Each structure stands twice: as structure tokens, then as C-alpha cells.
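Everything on this sheet refers to the single structure shown next.
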Amino acid sequence: MNLLVRNVRIENAADTTDIRITDGRFSEIGPFLEHHGEEIIDGAGRLCLPPLIESHVHLDTALTAGEPRWNESGTLFEGIEVWSDRKKFLTHDDVKDRVRRAVRQQARFGIQYVRTHVDVTDPDLTALHALLEMREELADHITLQIVAFPQEGIDSFPDGRGLMRRAADLGVDAIGAIPHFEFTREYSVSSLDFAVDLADEFGLLVDVHCDEIDDEASRGLETLATRAYERGMGSRVTASHTTAMHSYNNAYFLRLLRLLQLSGINFVSNPMVNTHLQARTDTYPKRRGVTRVKELTEAGLNVSFGQDDIVDPWNPLGTGNLRDVVLNGLYVTQMMGHQQILDSHRFVTHNAARTLCLDDYGIEPGNSADFVLFDAPTWYEALSFNAPVVASYRGGRLIASATPLEHDVHF
Ligand SMILES: [Zn+2]
């Protein structure tokens, strides 16, 4: 695939530039490149970003909201009950069909990488088998990373450890845990030890649903970060949610921050879903229920944003569009300075790439020619005006496109 992409703004650059793609890879980047007979794409001064990355979603539960009933309380825990009932009716084709639909939707919004958690507290591992097949089927268009996610616990679920080990044997990319859902504090710690050991044994990544609760005493994170630090695994370990951190007292948070910096672990925040699910037991003042994104970022820690749920028991809405997630995240974390807004694409591009441990990512000579064009000159305008992704290229091939939005105002 040889292309010459003219006149784009790479990552909010003030000036436009050209990009040459040779055999599916970026080969030259600079202004006014000579034409070597390639197909020419006119970028029309548009924003060019590396592909968007969904760093935390549950594709196995996507598009099931209302089945067999709706989550009327809006709590995480009613969501888990509803899903437990829906899980009984899972079939291989049901999962594959919903995953295919959700991923095609994500592709429309410029997403090319997806880390999906898959519930493995199911003796048949139905969803996992389906997701492993989908990872192969989609590989040319979307990279799926699969996390073995013990939705109902590791040490608190019958044969939880055995199921996690089977998932590792079957070829997942990462090992999960859910310490705040385990029966006891002891199980919380032992389940984290087990998860880190298992990941180490199989050479896998770690991504834990960590302290997704408003309980300020939920402190799985310190255990996870300590294990990551002591084993030198930090860059391969992710703490998702960490919403309890919202409620930690500042003295504890400051002590914890040192450990987090030493460990170098990654964080994923899911601002839309956690503002919806958390603080349901509060009257007023009502907490926001989102981890300390601003403080972690300022302390040099890597944070990315995820959608978490798309039309399922934990989120009745959601399209998969990460623009909505970033917009909501900026509001709720009060990161609304102009430079903060301009930089915020990093929550769903470079920061997420670091979380997923991707190499071969980014608009640089030598890398795979993966990029998206927004119908806006900068990320600021793209966010403000909900600009569509007009083109998503992977290895120099167009995998999704949209026409720019046209509006008429009749006055
Ligand atoms: Zn999740």
C-alpha cells in the first residue's frame, strides 16, 4: 500500500505536513513531499492522530441491556446480579454476534485497539472461547487484547483459581482480579497474589478491577502496586477504576503516591460509567466517584480512559465513541485548561498505548501506517464540535470512513 497523504495536522501541530506510506508503513513525514506516483489523499488541513485505543471495555456483556431485566438501581452490584442471570443464556454465537457489532461501531469512531475484559466466572468459559475466536477473525482490522476477568471473584467463587488458570492456558493476553468484590480482606490480598503469580508464570500482562467501590477502606491498590514494584513488573501492570482513591484521605493518598511512582504501574479511569455507578449510597454532598486522574497525571503516572460498558447492565447507554468518554472525563476531573484539553487525546492514544504495552504505534517513519483523520483541525475542535472520524487507515488500508457532517440553519 503506497499513499501520499497531503496537508494534515499531526497531533494539533500548527503547520500542516505530508505523510508518505510505503508498503503499509510510514516512510517519510514532512512538508511538500515529492510525488512518487502513489495514490494521493488530500488531508484538507485535518487533524491526524494515531488510531484511538479503547483500554477498558467489556465486549462480552455489550449490547445486552434489559436482558433479562434492567438495572434499575444503577449500582455496580445490581449490575453484577443482572449479568449473572444473563450469563446463563450465553451461547457462542450470541457472544460473537454482539462482539462483532460492538467492534464495528468502535471502528467507526477511529478505534483500532481494544482491551476487553472477559468474564471467566463461568464453568464453560463460553464468552472466552468466543472472544478468542473473534481476536483471530478481527486481527487484520482491530487488535483485541483479552483480559481474564473474574467478575464474581477468584477466591470467593467456586474453582475461581482453576478457571483463571484455564483461561491462561487458552491464551488470554492479561490476568485480572477484583479484590474489592472478594468476601474478605484476606481473600482480596490472596487473590491479587494469585493473579500476579499467574501472570508472571505465563508471561502475561495484569489488569485488575481495583477498588471499584466508594469504600475508603478498600486498599487493593497498595497490594497490587507493592507486588508490581517488588517484581519489577510495573509497566506491565494496570489498575483499572481505583475509584476508592476518590475517597481516600489526603494523608493516605500522599503516602500511597510514592509507592505508585516507585511501581510505575498504569491506571485506567472509566469516567462515564463510574460517575453513573459510584456514590449511589451518598445523599449530599455526592461524590463524583472517579479516581484522581489529575493528581496521578501531574505526578507523572500513566493514565488512560475507557468506555467500560456499551449498553449492558452497568451502562444502559454508550456508543463506544471515546470522544464522549474524554469529554466527560475532562469535565468530571476538572482538567479544562486549554492545553489540558488539547493534550487530552493522549488518554485514548499514547497513554493507552503504554497501558496496552504496544510497540509499532505512533505516526513515525518505520511504524505501521495506522492513523485517523478527524473532520477538524485540532483535537480541541474535534471535541467541541463532535467531529466525525472521516477516515481510519490501518497498514495504509482504509478500514472505516464517514462523510463530514453537513448542517443547515434556516435563519
Ligand atoms: Zn470494567
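Once you have the Cα-Cα distance between R161 and D408, take 0.36 nm times their residue separation minus that, and quote the gain in nm to one decimal.
Values: separation 247, 0.36 × 247 = 88.92 nm, distance 5.85 nm.
Result for the pair: 83.1 nm of gain on full extension.
Tell me which residues come under 5 Å, amide H to amide H, from A391 once H is placed; ignore anything under 5 positions away on its chain.
L373, A402
Once the other residues with Cβ under 12 Å from the Cβ of V325 are scored (Lys, Arg +1; Asp, Glu -1), what is the net sum?
On the way: positive: R323; negative: E54, D308, D309, D324.
Neighbour charge sum, excluding V325 itself: -3.
Please give every one of the lysines within straight-line cross-link reach of K88, meaning a C-alpha to C-alpha distance under 30 Å, and leave out same-chain neighbours fewer than 8 residues apart.
Answer for K88, where 30 Å is the Cα cut-off: K96, listed by chain and number.
Where does each of 312-319, 353-360 land if you order them by average Cβ count within 10 Å, highest first? Present the calculation step by step, with values, prior to reporting the outcome.
Values: 312-319: 20.9, 353-360: 17.4.
Ranking the peptides 312-319, 353-360 by packing returns 312-319, 353-360.
How large is ³J(HN,Hα) for each residue in the stretch 226-239, as worked out from phi by the Karplus curve 6.51 cos²θ - 1.76 cosθ + 1.60 (θ = phi - 60°), to whole Hz, x for Gly and Pro?
Calculated HN-Hα couplings, in order: 5, 4, 4, 5, 5, 9, x, 9, x, 5, 9, 10, 10, 9 Hz.
Can you tell me which of 59-69, 204-214, 332-342, 368-378 comes out highest on packing, and rank the rest after it, using the mean Cβ neighbours within 10 Å? Could the numbers behind the result be given before it?
Numbers: 59-69: 20.6, 204-214: 25.8, 332-342: 14.1, 368-378: 22.3.
Final packing ranking: 204-214, 368-378, 59-69, 332-342.
Relative to the Cα centre, what is the charge dipole magnitude of the chain, using +1 at the beta carbon of each Lys and Arg, -1 at the beta carbon of each Asp and Glu, and rounding to the nearest 20 debye? Working shown, then result.
On the way: 38 positive and 61 negative charges, 134 e Å.
With Lys and Arg at +1 and Asp and Glu at -1, about 640 debye.
What does the charge count near M272 come to, summing +1 for each Lys or Arg and -1 for each Asp or Glu among other residues with Cβ under 10 Å from its Cβ? Don't skip to the answer; put the middle values down first.
Details: positive: none; negative: D308, D309, D324.
Neighbourhood net charge equals -3.
Got a sec to turn the phi values of the stretch 353-367 into Karplus ³J(HN,Hα) couplings, 6.51 cos²θ - 1.76 cosθ + 1.60 with θ = phi - 60°, whole Hz, x for Gly and Pro?
4, 5, 4, 7, 6, 7, 10, 6, 10, x, 8, 9, x, x, 7
Counting Lys +1, Arg +1, Asp -1, Glu -1, what net charge surrounds G153 among other residues with beta carbon under 12 Å of its beta carbon? Please list the in-between numbers first.
Details: positive: R161; negative: D119, E152, D155, D159, E182.
Net local charge, G153 excluded: -4.
Give, in nm to one decimal, the length gained when the segment between D200 and R280 is fully stretched (0.36 nm per residue of separation minus the Cα-Cα distance). All intermediate terms of the calculation are to be shown ahead of the outcome.
Details: separation 80, 0.36 × 80 = 28.80 nm, distance 3.65 nm.
Separation in residues times 0.36 nm, less the Cα-Cα distance, equals 25.1 nm.
Please work out the FRET efficiency for the pair T75 and Y252, using the Cβ-Cβ distance as r and a Förster radius of 25 Å; give the result to the nearest 0.05. Before the final figure, lay out each step's value.
On the way: r = 25 Å, r/R0 = 1.01.
Given R0 = 25 Å and the Cβ-Cβ separation, E is 0.50.
Which parts of the stretch 88-121 would a label at E67 reach, counting a residue when its backbone N lies under 19 Å from a point 7 Å out along Cα-to-Cβ?
Residues 88-106, 117-121 fall inside that zone.
Using R₀ = 60 Å, calculate the FRET efficiency as 1/(1 + (r/R₀)^6) where r is the Cβ-Cβ separation of E216 and H36; round to 0.05.
Numbers: r = 61 Å, r/R0 = 1.02.
Step by step, r from the Cβ atoms, then E = 0.45.
Checking the a/c ratio against 1.5 first, then a/b against b/c, what shape does the Cα gyration tensor give for the stretch 204-359?
The shape class here is rounded.
With θ set to phi - 60° and the Karplus curve 6.51 cos²θ - 1.76 cosθ + 1.60, what are the ³J(HN,Hα) couplings of the stretch 98-104 in order, to the nearest whole Hz, using x for Gly and Pro?
5, 5, 4, 5, 5, 5, 5
Once amide H atoms are placed 1.01 Å from N in the peptide plane, what residues at a sequence separation of 5 or more from D211, or on another chain, have their amide H within under 5 Å of its amide H?
Correct list: H180, G220.
Principal axis extents for the chain, Cα atoms only, whole Å, descending order, please.
65, 52, 46
Bear in mind these aren't lab numbers, they're just calculated from the coordinates by the rules spelled out. Since the structure is predicted, the reported quantities are computational estimates derived from the model, not experimental observations. Reconstructed Cβ throughout: ideal geometry from the backbone, glycine too, with neighbour counts over all protein chains shown.
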